[in-house]
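For reference, the structure is listed below as structure tokens.
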Amino acid sequence: MSSMLVTGGAGFIGANFVLYMREKRPLDALVVLDKLTYAGNLENLKRVEGDENFLFVKGDLNDFNLIDGLFEKNGFDSVVNFAAESHVDRSILGPKTFIETNINGTFTLLEAARKHWGPGNGNKRFLHVSTDEVYGSLGEEGLFTESTPYSPNSPYAASKAASDHLVRAYYHTYGLPSITTNCSNNYGPYQFPEKLIPLMIINALNGKPLPVYGDGRNVRDWLFVHDHCTAIEAALQKGRLGETYNVGARNEWRNIDIVNLVCDTIDELVGASAESSKKIPFSGKRRKLINFVKDRPGHDRRYAIDPSKTEQELGWRPQTAFREGIRNTVKWYIENKSWWERVMSGQYLEYYEMQYKERL
């Protein structure tokens with residue numbers, strides 16, 4: 001038995017990781033710390049609410065006294081840091097929150113871990129979850145590796161790059177037993193509706209315009225969230241301290257091709273099921289809803305990860321083919337309409353209107 005702290009565990013990737021770990025290691029003590037901002041949702045953790053080995057704590061990552069007390073009480077063996085502001089568009093509109101959470105919050109967490117673990121605690125693990133966006137933008141060829149120089153192009157990416165550097169510094173300066181993972185774009189259940197894939201799914205289900213930035217030819221490497229969770233578990237168990245591991249699926253898609261796939265998948269699923277058709281108000285070929293909008297500032301053209309180091313050292317491979325993952329994700333959003341309707345609160349709708357009003 002061990003004790004783990006998961007920060008940002010009510011968000012998209014964090015909640016999926018928590019649910020995954022409860023199934024894998026139900027006897028371990030697991031504490032989730034989440035501020036429950038717009039993207040954090042306790043409904044994501046319903047499946048573990050009654051678990052006696054699970055504790056949820058609402059709190060701010062910058063509250064050192066709170067985190068210090070959690071370490072003191074629970075004696076954590078590991079920390080997995082998902083807590084982050086993560087949407088590029090929001091970072092362009094208001095970068096301050098990204099600095100406070102992604103940089104200062106990571107610093108606070110590192111300080112608490114340093115205080116309670118000290119040097120020489122090789123049996124402990126501080127795993128920092130980061131992004132491929134820290135590397136900047138690729139041309140038409142090439143892949144990001146763990147040795148690619150950092151070149152962030154948005155306030156979000158810059159804040160994550162800074163937090164990555166802090167984690168590295170705490171390993172080399174203080175001997176804090178840390179590992180960093182840099183992942184490609186995730187998709188799957190419980191993703192907040194402003195991200196590309198859930199936004200396209202929900203808008204397509206409702207017959208609303210599908211806003212696609214620029215020419216839609218920006219390329220990303222897409223990773224099913226469950227596969228990401230297995231990679232994090234592998235890094236915790238087998239990763240070398242002080243190392244960075246890139247997590248990707250070798251799965252590059254242009255944004256417009258993803259939107260087309262989502263449209264076609266919804267058309268197929270809704271058309272094949274009378275039960276599904278009752279849950280949505282729109283019928284017709286959803287590709288007709290695609291609407292190209294003004295590109296966002298500093299929009300990186302292409303990301304693609306080389307996961308060779310992760311595959312070779314950790315023995316990890318993604319298991320979900322992209323078309324299968326998209327189909328499963330679309331089905332989840334169809335079957336969980338009540339979840340995303342509650343998530344799309346007035347605050348989200350106000351932001352959505354502000355972000356896209358002039359572009360639609």
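In debye, nearest 20, what is the charge dipole magnitude of segment 76-182 about its Cα centre with +1 on Lys and Arg Cβ and -1 on Asp and Glu Cβ, if you could check?
Numbers: 8 positive and 11 negative charges, 114 e Å.
Roughly 540 debye, rounded to the nearest 20.
Would you be so kind as to identify which of Ala162, Pro211, Gly50 lies farthest towards the positive end of the dipole of the chain, taking Lys and Arg as +1 and Asp and Glu as -1 on Cβ and the Cα centre as origin?
Working it through, the farthest residue towards the positive pole turns out to be Pro211.
Taking only the C-alpha atoms, wrap a convex hull around segment 116-245 and report its volume per residue in Å³ as a whole number.
135
Work out the length of the dipole vector of segment 46-121 about its Cα centre, built from +1 on the beta-carbon of each Lys and Arg and -1 on the beta-carbon of each Asp and Glu, and round it to the nearest 20 debye. Let's see the in-between values first.
Working: 8 positive and 12 negative charges, 24 e Å.
The dipole of segment 46-121 has a size of about 120 debye.
Can you work out the accessible area per residue across segment 127-195, with the rest of the protein chains kept in place, probe 1.4 Å, in square angstrom?
Working: 2390 Å² over 69 residues.
Averaged over the residues of segment 127-195, the accessible area is 35 Å².
Choose one of Ile232, Gln319, Trp253: the residue whose Cα lies farthest towards the positive end of the charge dipole of the chain (beta-carbon charges +1 Lys, Arg; -1 Asp, Glu; about the Cα centre).
Trp253
Could you compute Rg(Cα) / (2.2 N^0.38 Å) for the chain, with N its residue count? Mind dumping the intermediate values first?
On the way: Rg = 20.0 Å, N = 360, 2.2 N^0.38 = 20.6 Å.
This ratio for the chain stands at 0.97.
Assigning unit charges at the beta carbon (Lys, Arg +1; Asp, Glu -1) and nothing else, what dipole magnitude in debye, to the nearest 20, does segment 3-136 show about its Cα centre?
Charge dipole, segment 3-136, about its Cα centre: 220 debye, nearest 20.
Could you list the square roots of 5 times each eigenvalue of the Cα gyration tensor of segment 8-80, that is, the equivalent ellipsoid semi-axes, sorted largest first and rounded to whole Å? List each step's numbers first, then the result.
Working: eigenvalues 66, 53, 19 Å².
Values for segment 8-80, descending: 18, 16, 10 Å.
Could you please state how large a percent of the accessible area of the chain is carbon and sulfur, counting protein chains only and using a 1.4 Å probe?
Numbers: 7420 of 15280 Å².
Of the solvent-accessible surface of the chain, carbon and sulfur hold 49 percent.
Output the relative contact order of the chain, whole-number percent, from Cα pairs under 8 angstrom with separation of 6+ residues. Could the numbers behind the result be given before it?
Details: 671 pairs, mean separation 63.3, N = 360.
In percent, rounded to a whole number, it is 18.
Which FRET efficiency, nearest 0.05, do Lys195 and Glu243 yield, Cβ-Cβ r, R0 45 Å? Each step should come with its number before you reach the end.
On the way: r = 28 Å, r/R0 = 0.63.
It comes to 0.95.
Which of Gly142, Ala113, Thr181 sits farthest toward the positive end of the charge dipole of the chain, with +1 on the Cβ of Lys and Arg and -1 on the Cβ of Asp and Glu?
Gly142
Hey, could you pull the Cα Rg and Dmax for segment 15-140, both in Å?
15.9, 51
Counting helices only, and only those DSSP H runs with n ≥ 4, report the 222 nm mean residue ellipticity of the chain as the sum of -39,500 (n - 2.57) divided by its residues, in deg cm²/dmol to the nearest 500. Walk me through the numbers before you get to the answer.
On the way: 13 runs with 147 residues, N = 360.
Helix contribution divided over all residues of the chain: -12500 deg cm²/dmol.
Please quote Rg/Rh for segment 73-134 to two decimal places, taking the Kirkwood radius as Rh and restricting both calculations to Cα atoms. Intermediate results must be reported in sequence, preceding the final value.
Values: Rg = 13.9 Å, Rh = 13.2 Å.
Result for segment 73-134 is an Rg/Rh of 1.06.
Quick check: with the 1.4 Å probe, what order do Phe98, Phe64 take by accessible area, largest first?
Phe64, Phe98
Given a 10 angstrom Cα cut-off, can you work out which residue in Gly325, Gly118, Gly188 is the most mobile in a GNM of the chain?
Largest GNM mean-square fluctuation: Gly118.
Give me the percent of DSSP beta bridges within the chain that run antiparallel, rounded to the nearest 5.
Details: 3 of 40 bridges.
For the chain, the DSSP antiparallel bridge percentage is about 10.
Normalising by the residue count of segment 86-177, find the relative contact order in percent from Cα pairs under 8 Å and 6+ residues apart.
Values: 90 pairs, mean separation 40.6, N = 92.
Computed value for segment 86-177: 44 percent relative contact order.
The values are calculated or read from the model by the stated rules, or taken from the named source; none is laboratory data. All of these numbers come straight from a predicted model, not from anything done at the bench. No Cβ is skipped: glycine too gets one built from the backbone with ideal geometry, and neighbour counts run over all protein chains shown. We work out accessible area using only protein heavy atoms, side chains counted, and drop any ligands, DNA or RNA first. Shrake-Rupley method; radii C 1.70, N 1.55, O 1.52, S 1.80 Å.
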